[in-house]
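Colleague: Below: one structure in C-alpha cells.
All of the numbers you see were taken from the coordinates with simple rules; none came from a lab. Just so it is clear, the model here is predicted, and its values are computed rather than measured. Neighbour counts run over all protein chains shown; Cβ positions are idealised from the backbone, glycine included.
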Amino acid sequence: MTSVTIDATGALVVGGQKVFPLGLSLPPPVGGKTPDGKDAWQELKAGGASFVRTGRADWDAQQIDAQIAAEQKLEDAAAAHGLHCWLWLGALPNLPTTAGSPREQLLTKVVDAFKAHPGLGAYKGIDEPQHSNLAAAGLIRAHTKLRALDPDHPVVIIQAPVGTVADLTPYRRAFDITGADIYPVAYPPGEQTGGPNKDISVVGDVTRTMVEAAGGKPVWMTLQIAWSGTATSTSRPNSVPRFPSLPEERFMAYQAIVNGARGLVFFGGHLTQITRPRDAKAGWNWTFWDLVLRPLLLELTSTAVGPALVAPNAGATVTAGAQDVELVARQDDRFLYVIAVRRGTATNRVTFSGLPPKHDGTPIADGQVLFEYTQDPLPPPIGAGQQVFRSVGVASGAFRDWFGPHDAHVYRFGL
C-alpha cells in the first residue's frame with residue numbers, strides 16, 4: 001500500500017514524496033500501444049503523467065465481482081508502470097441516513113478491495129454534484145465512511161465550472177481535494193461556463209472560485225483535451241472539433257497553478273471519434289499527446305520547474321505592475337520562483353517588484369526564465385556555445401520582462 005497524504009501547503013505526498021499530480025481522464029486502453037508500437041502506459045509515465053482515472057459510473061451488486069476483477073487489472077497495470085489510479089466510485093459515495101444500506105455495503109466492498117493496493121492513489125467521488133443538484137449531506141456521510149474505511153487515500157470531488165462560492169461551500173466536508181473541469185476551447189468559445197468571460201483566461205476565474213470554495217483544502221483542475229462540446233455525435237451533430245494548441249494548454253496550466261491549483265488532470269483523450277484514424281485505431285489521441293501534452297508535461301515535471309510546483313508559497317509579496325498579469329511566488333531552500341501569466345491583450349514590458357534578499361542578506365542580482373533559451377556565448381557564430389535559460393537582471397528587488405497575450409513565464413532566482 002502507498003500512503004497518500006496532503007501536507008500543510010496543499011501538496012500531495014505519495015509514499016513520503018511531494019508530488020504535483022498530472023492525470024489523464026481517461027487514459028489509453030491498458031495493454032495498448034502507441035501508433036509507433038510503444039507500450040501506452042509506459043509512454044504516459046515516460047512523458048510525465050502520474051495519475052490515470054479508472055473506476056466506473058455503474059458499480060452494481062449483481063456484477064460487482066467482475067467489475068472488481070476488471071479494476072484489479074487497471075490497478076495492477078498502474079503499479080507496474082509507476083502510475084497511480086484515481087478510482088471513480090460512481091454513485092456509491094452518496095449515502096442515505098440509514099446505516100448499512102445496500103449502497104454503503106457496495107461502497108465498502110469496493111474500497112476494501114483496493115485500499116491496500118499499491119496502484120491506488122486517490123478516490124474520485126460524485127462527479128459534478130452541485131451541477132446535478134445533489135444535496136451535500138449524502139456525500140458528507142460517504143466521505144466520513146470512506147475515511148473510516150481507508151484513511152490513507154484522499155477523496156477528490158470535481159465540480160462543473162458553473163457554481164458560485166456560496167453554491168459550492170456546502171460540499172466542503174465531502175472531500176479532501178476539490179476542483180472543477182473547464183474546457184473553453186470550442187466553437188463558439190467559452191460556452192461551458194455560461195459566464196461573460198469566453199477567453200481561455202476563464203480557467204483562472206474558475207480556479208479562484210474553487211480555491212475559495214475549498215476553504216484551505218487543495219484544488220485539482222481538469223483541463224481540456226476534448227469534451228462533448230467539441231466531439232461530434234448524434235446528440236451534437238453540429239459540434240466542430242477543436243483542440244487547444246500547445247501555447248493555449250501551457251497558458252491554461254500555468255494560469256491554474258498561479259491561481260492555486262495543486263494538481264492538473266487532462267480530459268478527453270479517449271474521445272476517438274474526432275481523432276486521426278491511426279489514433280482511433282490505437283484507442284487514444286496520441287497526436288494531441290505528441291504535439292501538446294507530452295511537451296507540456298515534460299516541462300512541468302522537469303528538474304527546473306517541478307520543484308516550484310510543490311514548493312510552499314513564498315513569504316515575500318511579489319507584485320506585477322500590470323493589472324492583467326497574475327502571479328504566484330513560491331520558495332524552497334534554494335530558489336525563489338515567480339510564475340506569471342498575462343490574461344489581457346496588451347504586449348509590453350511588465351515590472352515585478354518585491355523580491356527578497358538572498359539568505360546571506362545580499363540582494364538578488366539576476367534570475368533565469370525557465371524553458372526559454374539563449375546561446376552562451378551569444379552569436380555570432382550560431383552553434384558556437386551552449387543553450388542556457390535566458391536571464392533577467394534584478395535591481396532593488398525588481399525586474400522587467402516582456403509579456404504578450406496569454407504569455408506564461410516561470411522565473412527562478414537563486415537564494
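Colleague: Would you list Trp41, Trp284, Trp227 from fewest to most Cβ contacts within 10 Å?
Modeller: In order of increasing Cβ crowding within 10 Å: Trp227, Trp41, Trp284.
Colleague: Subtracting the Cα-Cα distance from 0.36 nm times the residue separation, let me have the gained length for Asn313 to Arg147 in nm, one decimal.
Modeller: The span from Asn313 to Arg147 would gain 56.9 nm if fully extended.
Colleague: Dipole size in debye (nearest 20) for segment 1-109 around its Cα centre, Lys and Arg Cβ +1, Asp and Glu Cβ -1?
Modeller: That gives a dipole near 160 debye.
Colleague: Once the Cα atoms of segment 186-289 are picked out, what are the Rg and Dmax in Å?
Modeller: 14.7, 45
Colleague: Taking a 29 Å limit on the Cα-Cα distance, which of the listed pairs Lys145/Lys217; Lys217/Lys281; Lys18/Lys281; Lys38/Lys198; Lys45/Lys217; Lys45/Lys198 fall beyond it?
Modeller: In this structure, Lys217/Lys281; Lys18/Lys281; Lys38/Lys198; Lys45/Lys198 lie more than 29 Å apart at Cα.
Colleague: Okay, moving on. May I ask you to give the average projected area over all directions of the convex hull of the Cα atoms of segment 319-414, in nm² rounded to one decimal?
Modeller: Mean orientational projected area (segment 319-414, Cα hull): 6.9 nm².
Colleague: Moving on. Compute the angle between helix 136-149 and the longest alpha-carbon principal axis of the chain, please, reported from 0 to 90 degrees and rounded to the nearest 10.
Modeller: Approximately 90 degrees, to the nearest ten.
Colleague: Let me ask something else about it. Where Rh denotes the Kirkwood radius from the mean inverse Cα pair distance, what is Rg over Rh for segment 129-235?
Modeller: Expressed as Rg/Rh, it is 1.01.
Colleague: Sticking with this one: Can you give the charge dipole size of segment 4-301 about its Cα centre, rounded to the nearest 20 debye, using +1 on the beta carbon of Lys and Arg and -1 on the beta carbon of Asp and Glu?
Modeller: Dipole about the Cα centre, nearest 20: 0 debye.
Colleague: OK, next. Ranked highest first by the average count of other Cβ atoms within 10 Å around their residues, in what order do 180-186, 10-16 fall?
Modeller: The peptides rank, most packed first, as 180-186, 10-16.
Colleague: At 25 °C and 0.890 mPa s, grab the translational diffusion coefficient of segment 27-160 from Stokes-Einstein with a Kirkwood Rh over Cα pairs, rounded to a whole number in µm² per second.
Modeller: After rounding, the answer is 158 µm²/s.
Colleague: While we're here: Might you report the magnitude of the Cβ-based charge dipole of segment 311-415 about its Cα centre, with Lys and Arg at +1 and Asp and Glu at -1, to the nearest 20 debye?
Modeller: Taking the Cα centre of segment 311-415 as origin, the dipole is about 120 debye.
Colleague: Now, a different point. Cut-off 10 angstrom, C-alpha nodes, Gaussian network model of the chain. Which of Val30, Val310, Val369 fluctuates the most?
Modeller: Val30
Colleague: Most mobile of Ile382, Ile339, Ile68 per a Gaussian network model of the chain (Cα springs, under 10 Å)?
Modeller: Ile382
Colleague: Let me ask something else about it. With a 10 Å cut-off between alpha carbons and a GNM built on the chain, which of Asn348, Asn285, Asn94 moves the most?
Modeller: For the chain, modelled as a Gaussian network with Cα springs under 10 Å, the answer is Asn348.
Colleague: Working out 0.36 nm times the residue gap between Tyr187 and Thr362, then minus their Cα-Cα distance, what length gain in nm do you get to one decimal?
Modeller: Stretched out fully, the Tyr187 to Thr362 stretch lengthens by 57.8 nm.
Colleague: Pairing the Cα long axis of helix 246-258 with the longest principal axis of the chain, what angle in degrees results, from 0 to 90 and rounded to the nearest 10?
Modeller: So the helix axis and the longest Cα principal axis differ by about 80 degrees.
Colleague: Just to be sure I understand: of the beta bridges DSSP finds with both ends in the chain, what percent are antiparallel, rounded to 5?
Modeller: 60 percent
Colleague: So if each residue of separation counts as 0.36 nm, and I subtract the Cα-Cα distance between Ala398 and Gln63, what length gain in nm does that give?
Modeller: Gain on extension, Ala398 to Gln63, equals 114.4 nm.
Colleague: Let me ask something additional. Helix 102-114 versus the longest principal axis of the chain: what angle, 0 to 90°, nearest 10, using Cα atoms?
Modeller: Between the helix axis and the principal axis of the chain, the angle is about 50 degrees.
Colleague: Cα atoms only, segment 115-159: Rg and Dmax in Å?
Modeller: 11.5, 35
Colleague: Quick one, can you get me the convex hull of the C-alpha atoms of the chain expressed as volume per residue in Å³?
Modeller: Convex hull of Cα atoms, per residue: 162 Å³.
Colleague: At a 10 Å Cβ-Cβ cut-off, how would you order Ile274, Ile158, fewest neighbours first?
Modeller: Least to most surrounded, the residues fall as Ile274, Ile158.
Colleague: Putting +1 on Lys and Arg Cβ atoms and -1 on Asp and Glu Cβ atoms, find which of Val13, Gly100, Gln63 reaches farthest to the positive end of the dipole of segment 1-111.
Modeller: Going by the charge dipole, the pick is Val13.
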